[in-house]
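Scroll down for the structure; my scribbles are underneath it.
Read-outs throughout are calculated quantities, based only on the coordinates presented, and are distinct from any laboratory measurement. Treat the numbers as computed from the prediction; the structure is a model and nothing was measured. All Cβ positions, glycine included, derive from the backbone under ideal geometry; neighbour counts span all protein chains shown.
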Ligand SMILES: Cc1cc2nc3c(=O)[nH]c(=O)nc-3n(C[C@H](O)[C@H](O)[C@H](O)COP(=O)(O)O)c2cc1C
């Protein structure tokens, strides 16, 4: 049954947008970088595949976030997709934890370029910095994917309606979903 939100149309546009985006489930990633002899990390959901030729990704980073500095200075980066049991790593990589404290959970390796990789991540995409586009409060950073690793079963951590959750198939494996 359809749910209606009272006075939705009267809310300011940013609030309407926030409420709309709560319905956009996104896999949770930690974006990492190695810059100035330091490791950097930030929890992010604004991550997207860009093209397969060349293999590339984009990430959207607030210009007030600490990760913006290394990326705006053309640092390479890694998109580490989290497993559903890694909500604690997501929580460690934003907010009051800063700098090296964000690496206190999990096992972190380094790519050849020094960029940190989460060993138990669902997937790691090591990217070479390509370009940046500043827009409003954020910057879109494009990276060419140089290396991909995957680990374990396919069970990503999802952020939906302000909570962490996980994906579950609509039909048991091998069964055609309704309408197919
Ligand atoms: C689930 C989740 C997703 C987030 N996604 C993004 C994102 O895509 N881009 C972004 O700039 N900040 C995002 N944030 C917010 C940053 O992680 C947070 O503001 C961080 O503390 C900023 O970095 P700083 O503390 O190093 O300045 C997200 C936070 C959470 C909890």
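Take each of the peptides 10-23, 126-139, average the number of other beta-carbon atoms within 10 Å over its residues, and list them starting from the highest. Could the numbers behind the result be given before it?
On the way: 10-23: 10.6, 126-139: 15.4.
The peptides rank, most packed first, as 126-139, 10-23.
With runs of 4+ DSSP H residues as the only contributors, calculate the mean residue ellipticity of the chain at 222 nm using -39,500 (n - 2.57) per run, divided by the residue total and rounded to the nearest 500. Mind showing how you got there, number by number?
Working: 3 runs with 20 residues, N = 180.
Mean residue ellipticity at 222 nm (helix-derived): -2500 deg cm²/dmol.
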Taking the alpha-carbon centre of each part, the distance from region 136-161 to region 20-74 in Å is 7 Å
Mind computing the radius of gyration and Dmax over the alpha-carbon atoms of region 80-180? Å is fine for both.
16.7, 50
Most mobile of 35, 107, 83 in a GNM of the chain (Cα contacts under 10 Å):
107
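At 0.36 nm per residue, and after removing the present C-alpha to C-alpha distance, how many nm does the segment from residue 133 to residue 154 gain when stretched out fully? Spell out each step's value before the answer.
On the way: separation 21, 0.36 × 21 = 7.56 nm, distance 3.18 nm.
Separation in residues times 0.36 nm, less the Cα-Cα distance, equals 4.4 nm.
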Using a Gaussian network model of the chain whose springs link C-alpha atoms within less than 10 Å, name the residue from 76, 124, 88 with the highest mean-square fluctuation.
88
